[in-house]
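The structure appears below as structure tokens.
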Amino acid sequence: MAQEPTLVAGMELVGEFEGSGYREPPQLVCRPDGQIVRLPALLYQVVRALDAPRRSGREPVMTEVAGELRRETGREFTSEHVAFLLDKKLAPLGITTYSDGTPPPPTPKSDPFLAFRFRLAVLPERVTWFLSGLFAWLFSPLLVAGLLGAFVAGEAWLWTTQDTGAALQTVLSSPASVLLVVALAIASCVFHEMGHGAACRYGGVRPGAMGCGIYLVWPAFYTDITNSYRLGRAGRIRADLGGVYFNALFVLGLLALYASTGNPLLLVAILSVHLEMIQQLLPTLRFDGYYIVADLIGIPDLFKYIAPILKRVVLRRPADERLAALKRWPQIVVAVWVLFLIPALSLQLGILLVNLPQLLQADWERITLLIANAGTSGNVALGMLSACLQSLLLVLPLAGLTLALARPVRSLIRRAGRRGTSPSA
């Protein structure tokens, strides 16, 4: 006898995507692998009908699910209709079993363009929950306003009274100082991720694991804030900005130490944190600025709208179904983002190609000089380690930009090749 269908074990219902940029707000479910899946209202009602018996400790029945759909929609549903939705829509997504109770096939995670692929969880969810609780109080609105005011005042004092160029020159001549600046920069990155987790906890949702990995070619840290989808637009943007906000707090701490000690090392560390903040706020790659734009308009993946926007705006073709599903103002924002992104990436690629020989020569000369002078500080091992780190920092921007642009260029070449070899009518 065939079994009745059920939800996949560990499946969790999230509910309506609040602040959505879609004309019909999707409903969200969270798969056991942590992937958020967007569903139309009808499929979500099927999932909810399967979930209700599970919560009461019994197995759902097809006729019961069909009856629940009739009550919810006012339309006629039979067990055969439910079986079709399960077998053709929900089971292939890894959300339910098939209508005969057989498990769904393994469902790979989505592979979005320029996503963070190489990661290693270091702190499990329970540890992240505890640590984020230590800092969640920093998101109290009055405290945020006061601390940001202090940050602005500190910035004004820093840039109007301090000689950052001289401090940078002093630190770069000392391998030990370079290593300490790198250590402080790493600490700032870790504190940045703690800000994302604390923002989630302040909003009432659980942050996931924290860890590290490689984004394109850059070493990076991450915090899983998938659960921020349970929040409204304001809560999601708070979670996105939480990292940069904590960078600002880190700068305040460094400014206080610098004001009391005058150590130029701290001034250079402050500059490195500023670079991190600027990078994170850029909306071109999948840094915090990208997610701020995405959550502001309620569209999770902006990159998939590049082709539809270019066809609509540049080629003047009718909007396809992906654009038609968006509200008017999110369409405008996405179009502005795409029309900014393409020239920005093209300009970066052009500058890179034009100046590549000079950049490679300058980097090679700088790296050679660093290695040659590694022993002049009196500690050869420390000097070599500092030289290697500085050399890596010189190479990574070029390598990262090349890798970021390689995939779209390769896709365009393949697409052009397919068109060139397609048979004529």
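Each Lys and Arg contributes +1 and each Asp and Glu -1, all at the Cβ; summed about the Cα centre of the range 12-93, the dipole is approximately 40 debye.
Multiply the residue gap between Ala234 and Arg71 by 0.36 nm, knock off their C-alpha separation, and tell me the result in nm, one decimal place. Present the calculation step by step, with values, prior to reporting the outcome.
Details: separation 163, 0.36 × 163 = 58.68 nm, distance 3.40 nm.
Taking 0.36 nm per residue and subtracting the Cα distance, the gain is 55.3 nm.
Counting 0.36 nm for each residue step from Arg119 to Thr78 and taking away their Cα separation leaves a gain of 10.2 nm.
Expressed in nm to one decimal, what extension gain is obtained for the pair Leu339 and Lys89 from 0.36 nm per residue of sequence separation less their Cα-Cα distance? Could the numbers behind the result be given before it?
Working: separation 250, 0.36 × 250 = 90.00 nm, distance 3.44 nm.
Result: 86.6 nm gained on full extension.
Scalar couplings 3J(HN,Hα) for the range 328-344, obtained by applying the Karplus form with A = 6.51, B = -1.76, C = 1.60 to θ = phi - 60°, are 5, 5, x, 4, 5, 5, 4, 4, 5, 4, 5, 6, 7, 5, 4, x, 5 Hz; x denotes Gly and Pro. Under 5 Å from the amide H of Thr96 lie the amide H atoms of Val8, Ala91, each residue being 5 or more positions distant or on a separate chain, with H modelled from the backbone and absent for Pro and chain starts. Taking GluC sites (Glu not before Pro) across the range 4-88, the ones in a DSSP loop with at most 13 further Cβ atoms lying within 10 angstrom of their Cβ are Glu76. Restricting to Cα pairs below 8 Å that are 6+ residues apart, what does the relative contact order work out to for the range 12-93? Please round to a whole percent. Here the relative contact order equals 18 percent. Taken as Cα centroids, the range 309-330 and the range 191-210 sit 35 Å apart, rounded to the nearest whole angstrom. Summing +1 for each Lys or Arg and -1 for each Asp or Glu among the other residues whose beta-carbon sits under 11 angstrom from that of Leu69 gives 0. Each residue of the range 34-46 was assigned a 3J(HN,Hα) from its phi angle through the Karplus expression (A = 6.51, B = -1.76, C = 1.60, θ = phi - 60°), giving x, 6, 8, 10, 8, 10, x, 4, 5, 5, 5, 5, 4 Hz with x at Gly and Pro.
Site pair Trp364 and Gln279 shows an inter-label distance of 2.6 nm when each label is modelled 7 Å from Cα along Cα→Cβ. Ranking Ser132, Leu168, Val205 by Cα position along the charge dipole of the range 112-301, where only Lys, Arg, Asp and Glu carry charges on their C-beta atoms, puts Val205 farthest toward the positive end.
Amide H contacts under 5 Å for Val29: Val14, Val37, Leu39, restricted to partners 5 or more places along the chain or on a different chain, H placed in the peptide plane at 1.01 Å from N. Between Thr102 and Leu147, the FRET efficiency estimated from the beta carbon spacing at R0 = 45 angstrom works out to 0.25. Counting charges near Asp100 (Lys, Arg +1; Asp, Glu -1) among other residues having Cβ under 10 Å from its Cβ returns a value of -2. On the basis of the beta-carbon distance and an R0 of 35 Å, Asp301 and Thr160 show a calculated FRET efficiency of 0.25. Under the simplified labelling scheme, the Ala259-Ala319 pair shows an inter-label distance of 5.1 nm, with each label point 7 Å from Cα along Cα→Cβ.
Across the range 78-89, rounded Karplus estimates of 3J(HN,Hα) from the backbone phi angles (6.51 cos²θ - 1.76 cosθ + 1.60, θ = phi - 60°) give 10, 4, 5, 4, 4, 4, 4, 5, 5, 6, 9, 10 Hz, Gly and Pro being marked x.
Any read-out appearing in this document is the output of simple, stated calculations on the displayed coordinates, not a laboratory observation. Computed from a predicted model, the values in this text were never measured in an experiment. Using ideal geometry, Cβ is built from the backbone for each residue, glycine included, and neighbour counts are taken over all protein chains shown.
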